[in-house]
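The structure under discussion appears below in the form of structure tokens.
The values are calculated or read from the model by the stated rules, or taken from the named source; none is laboratory data. Remember, it's a predicted structure, so these values are computed and weren't measured experimentally. Please note: Cβ atoms are built from the backbone with ideal geometry, for glycine as well, and neighbour counts cover all protein chains shown.
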Amino acid sequence: MSLVDSLNWRYAAKAMNGTAVPQEKIDYILEATRLSPSSSGLQPYKVFVISNQELKEKIRPIAFDQPQITDASHLLVFAAWDNYRLERIEEVFNKTMNERNLPLETMDDYKTRLWGMYEPLGDEWHANHAAKQAYIAFAMAIAAAAEQKVDATPMEGFIPEQLDELLDLKSQGLKSNLILALGYRDTDKDWLVDMKKVRTPKEEFITELA
């Protein structure tokens, strides 16, 4: 199936049946997520993969008792940097230069300009910008799951501060942004399963400027 066919197949499953997703499918989804683009290639976020049922049970009340949390096979928690620091940026750039067998100073001018733009904008802007990069990877994970015929339910409905505490994210300089529940739809319990997919019509959604 094409990507468009896969996206037409997918929807945000409201009930999952608890069936485990094969590891090779999880690995495929995670690799697509890892390969996602990000601003300046910084990838200022991490993905936490949760399959432990006891931990999912602890997350469910934090996520307003949504049943997909515990009925999913896996949860992916996307957590972005709480701010940009020069040390963090340098670490990414140095790793990139090492991987490319280039001198560490190769991109010093760009790094200096980048930090010169970011530094005065403050932690709130930093955290929001990093979160936007996580959203790009999040979308790639959803598309990859659709290709694998794995249901993926995007979730912003949770209390970030409580999830951060549960997963000890603050100590890692991270803030939780999104949860993606991966599993298989429960066709008997999901009211949305047979509903028509509705999106803005092409002629309203797209404006071509020739």
Quiz item: Considering only segment 31-76, how many residues are of a type in the set (A, V, I, L, M, F, W, C), part of a loop (DSSP other than H, G, I, E, B) and buried (at least 21 other Cβ atoms within 10 Å of the Cβ)?
Solution: 2
Practice problem: Could you give me the residue pairs with C-beta distances under 6 Å whose first residue belongs to segment 64-88 and is closer than 30 Å to residue 186 by Cβ, whose second residue is part of a strand (DSSP E or B) and polar (S, T, N, Q) wherever it lies, and which are 6+ apart or on separate chains? | Solution: 68/153; 77/176; 78/177; 79/176
Exercise. Collect the residues in segment 165-174 that are touching a residue at least 24 places away in the same chain (Cβ under 8 Å) and surrounded by fewer than 21 Cβ atoms within 10 Å (Cβ to Cβ), keeping them in residue-number order.
Key: 166, 167, 170, 172, 173
Quiz prompt | Which listed residue is of a type in the set (A, V, I, L, M) and modelled with pLDDT under 95, from 97, 117, 107 | solution = 107
Exercise. Inspect segment 56-73 for any residue being within 21 Å of residue 168 (Cβ to Cβ) and out of contact with any helix residue (DSSP H, G or I) (no Cβ under 7 Å at 6 or more places or on another chain) and give the result as yes or no.
Key: yes
Quiz prompt | Tabulated pairs, segment 30-43, first within 11 Å of residue 129 (Cα to Cα), second of a type in the set (A, V, I, L, M) and part of a helix (DSSP H, G or I), C-beta under 7 angstrom, 6+ apart or interchain | solution = 38/136
Quiz item: Which is assigned to a helix (DSSP H, G or I), at pLDDT 95 or above and over 30 Å from residue 186 (Cβ atoms), of 91, 24?
Solution: 91
Quiz item: Name the pairs: first residue in segment 115-128 and touching a residue at least 24 places away in the same chain (Cβ under 8 Å) and surrounded by 10 or more Cβ atoms within 10 Å (Cβ to Cβ), second residue assigned to a helix (DSSP H, G or I) and of a type in the set (Val, Ile, Thr), Cβ to Cβ under 7 Å, at least 6 apart or on different chains?
Solution: 115/89
Self-check item: Subset of segment 154-184 [in a strand (DSSP E or B) and farther than 14 Å from residue 135 by Cα]
Solution: 174, 181, 182, 183
Quiz item: Name the residues in segment 94-103 that are exposed (fewer than 13 other Cβ atoms within 10 Å of the Cβ) and either in a helix (DSSP H, G or I) or in contact (Cβ under 8 Å) with a residue 60 or more places away in the chain (or both), would you?
Solution: 95, 98, 99
Exercise. Look at residue 135 and say whether it is modelled with pLDDT of 95 or more, surrounded by 13 or more Cβ atoms within 10 Å (Cβ to Cβ) and either within 11 Å of the chain's Cα centre (by Cα) or not in a helix (DSSP H, G or I) (or both).
Key: yes
Quiz item: So, of the residues in segment 150-163 that are of a type outside the set (A, V, I, L, M, F, W, C) and touching a residue at least 24 places away in the same chain (Cβ under 8 Å), which turns out to be farthest from residue 82 (Cα to Cα)?
Solution: 151
